[in-house]
Amino acid sequence: MSPSPNPDVMEKLVSLCKRRGFVFQSSEIYGGTGSVWDYGPLGVELKRNIKDRWWNAMVRARDDIEGLDAAILMHPRVWEASGHVAGFTDPLIDCRNCKRRFRADDPKIKGTPGTPDAQCPACGMKGTLSEPRMFNLMFKTFMGPVEDSAAVVYLRPETAQGIYVNFLNVQQSTRQKVPFGIAQIGKAFRNEITPGNFIFRTREFEQMEMQFFVDPEGDHMQWFEYWKGQRMAWHRALGLEEGRLLFHQHTPEELAHYARAAFDIQFDFGGTLGFQEIEGVHHRGDFDLSRHQEYSGKKLEYFDQPSNRRFVPFVVETSVGADRTTLAVLVNAYREETVEGEAEGRTVLGLHPSLAPIKAGVFPLVKKDGMPEFAEKLARELRKAFPVFYDESGAIGRRYRRQDEVGTPFCITVDGQTMADGTVTLRDRDTLAQERVAAERVGAMIAERASA
Ligand code: GAP
């Protein structure tokens with residue numbers, strides 16, 4: 001893959017995220033947990049805003065998709081039926097000396113693993129690398145008081161299976177007719193061997209998945225195309241730059257054996273990482289429902305009244321990572337720029353206002369003449385409608401910069417004129433334009449601009 005024309009901002013972003021409370025390393029005081037991250041006060045808001053936009057677009061705004069929140073722990077047979085027990089594996093190589101593990105395709109390995117000439121890329125020892133062995137990526141644990149093989153359960157590696165096993169529960173309780181979909185947002189776990197790039201590939205992450213059930217004798221390829229279009233439009237509406245998004249069609253080698261077609265939506269993360277998958281749109285045929293029928297012994301058929309037919313529906317799946325989308329949104333938004341007439345430049349997160357964790361900063365220009373009291377009262381009022389940050393310390397320019405850096409789209413300043421006529425200044429993060437508006441109108445103006 002050729003390097004991206006967009007700059008690599010990852011290192012600066014990781015530092016900003018920690019400094020300003022977006023993302024922290026998990027269990028940092030103990031030295032951290034490998035590729036597991038915690039979302040801080042601003043990060044949790046940003047990710048929640050992304051999830052809300054997905055839930056609104058996929059569930060609330062439609063009458064043909066139902067929501068679900070299935071449990072993480074499922075019957076172990078689910079993962080036999082889905083193919084994860086047998087097939088969710090990577091070929092791995094162990095070093096007998098340093099005990100490290102590598103993917104078989106790791107370019108740092110020299111020689112043929114399993115032979116005396118092969119050299120461990122970590123400890124440098126020769127002849128200690130094993131032949132590749134298959135390693136399952138699912139986390140295992142035990143249910144109940146006895147830790148034996150009969151008690152093994154898995155942490156789900158995807159949320160989709162919770163939807164398949166509930167297909168009839170949802171269809172019958174809601175009386176939906178095919179075509180219709182089921183959507184859910186939830187945690188998934190994968191014991192990734194080469195995690196990394198911050199929150200791009202982690203061992204614990206959140207997925208936003210939707211399975212759309214269609215008639216196998218109907219226009220299922222049209223639905224597949226429809227969902228490709230809808231999902232790309234959703235990413236664009238988040239503010240992801242048009243030129244940084246593309247479709248990648250799975251080649252026959254990449255295509256899962258049961259999939260009829262699959263496209264990834266890729267985003268350009270910049271630098272050497274470049275274009276990477278953020279979402280998959282998959283035509284899964286009737287593979288999953290048929291397998292669950294077979295393994296559970298329960299029929300998962302749909303009765304279509306108009307045609308008087310019973311069938312196992314085909315599935316078009318859309319599957320997007322909430323954390324990976326959060327990273328794409330942050331990378332897309334990060335910029336450093338000079339400001340005319342100012343010696344110091346500024347760092348800006350140009351987040352879409354609807355995604356910004358804080359919608360407005362409220363500042364008294366100085367800490368006297370009733371300005372703090374007026375500003376605090378205004379902040380309290382505005383907080384009823386959206387998140388607001390009140391700040392009265394330091395130079396006003398510095399207060400603006402601190403909000404620019406976390407993506408706050410609007411800053412409201414209470415000054416001498418406010419005390420005379422009740423107007424405030426409303427500053428736009430991106431244009432730096434300042435308009436004077438009546439204090440009682442400013443909330444409605446921000447709410448309107450932040451909901452677009
Ligand atoms: N049910 C289909 C499925 O899980 P996938 O391509 O393996 O498909 C879908 O995953 C999405 O989940 C990916 O596009 C990515 O956004 C996210 N994802 C997968 N593995 C991840 C990981 N280890 N860390 C963060 N996000 C991940």
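Tally the residues that are part of a helix (DSSP H, G or I), among the basic types (Lys, Arg) and surrounded by fewer than 20 Cβ atoms within 10 Å (Cβ to Cβ), restricting the search to region 40-65. Let's see the steps before the verdict.
Step one: list which residues in region 40-65 are part of a helix (DSSP H, G or I), which gives 41-60.
Within this subset, residues satisfying the condition of being among the basic types (Lys, Arg) are 47-48, 51, 53, 60.
Now restrict to residues that are surrounded by fewer than 20 Cβ atoms within 10 Å (Cβ to Cβ): 48, 51, 53, 60.
Qualifying residue count for the region: 4.
Of the residues making up region 260-314, those that are hydrophobic (A, V, I, L, M, F, W, C) and out of contact with any Phe, Trp or Tyr (no Cβ under 8 Å at 6 or more places or on another chain) are Ala262, Phe303.
Among the conditions (1) within 23 Å of Lys47 (Cα to Cα); (2) of a type in the set (A, V, I, L, M, F, W, C); (3) crowded, with 20+ Cβ neighbours inside 10 Å, Phe363 misses just one, which is (1).
Here are Val146, Val214, Val153, Val178: which of them is among the hydrophobic types (A, V, I, L, M, F, W, C), farther than 21 Å from Phe314 by Cα, buried (at least 16 other Cβ atoms within 10 Å of the Cβ) and away from the ligand (no atom under 16 Å from the Cβ)? Spell out how you get there, then give the answer.
Values: Val146 fails: buried (at least 16 other Cβ atoms within 10 Å of the Cβ); Val214 fails: farther than 21 Å from Phe314 by Cα; Val178 fails: farther than 21 Å from Phe314 by Cα.
The conditions single out Val153.
Annotation note: of Glu317, Glu336, Glu376, the sole residue that is among the charged types (D, E, K, R), modelled with pLDDT of 95 or more and surrounded by 20 or more Cβ atoms within 10 Å (Cβ to Cβ) is Glu317. Residues that are of a type in the set (Ser, Thr, Tyr), at pLDDT 95 or above and in a strand (DSSP E or B): does region 396-408 have at least one? Taking every residue of region 396-408 in turn, none turns out to be of a type in the set (Ser, Thr, Tyr), at pLDDT 95 or above and in a strand (DSSP E or B).
What number of residues within region 81-103 satisfy the criterion of being over 21 Å from Phe189 (Cβ atoms), surrounded by fewer than 17 Cβ atoms within 10 Å (Cβ to Cβ) and within 35 Å of the chain's Cα centre (by Cα)? Going through region 81-103 one residue at a time, the tally reaches 3. Does His282 satisfy the criteria of being under 30 Å from Lys140 (Cβ atoms), outside any loop (DSSP other than H, G, I, E, B) and touching a strand residue (DSSP E or B) at 6+ places or on another chain (Cβ under 9 Å)? In short, yes.
Restricting Phe139, Phe205 to residues that are in contact with a strand residue (DSSP E or B) (Cβ under 9 Å, 6 or more places away or on another chain), within 25 Å of Arg101 (Cβ to Cβ) and within 10 Å of the ligand (Cβ to nearest atom) narrows the list to Phe205.
Does Glu254 meet the test of being within 13 Å of the ligand (Cβ to nearest atom), in contact with a strand residue (DSSP E or B) (Cβ under 8 Å, 6 or more places away or on another chain) and without any contact (Cβ under 8 Å) to a residue 24 or more places away in the chain?
Numbers: within 13 Å of the ligand (Cβ to nearest atom): yes; in contact with a strand residue (DSSP E or B) (Cβ under 8 Å, 6 or more places away or on another chain): yes; without any contact (Cβ under 8 Å) to a residue 24 or more places away in the chain: yes.
Spelling it out, Glu254 is indeed within 13 Å of the ligand (Cβ to nearest atom), in contact with a strand residue (DSSP E or B) (Cβ under 8 Å, 6 or more places away or on another chain) and without any contact (Cβ under 8 Å) to a residue 24 or more places away in the chain.
The values are calculated or read from the model by the stated rules, or taken from the named source; none is laboratory data. All values reported here derive from a predicted model rather than from experimental measurement. A quick note on method: Cβ atoms are made from the backbone with ideal geometry, for glycine too, and the neighbour counts reach across all protein chains shown.
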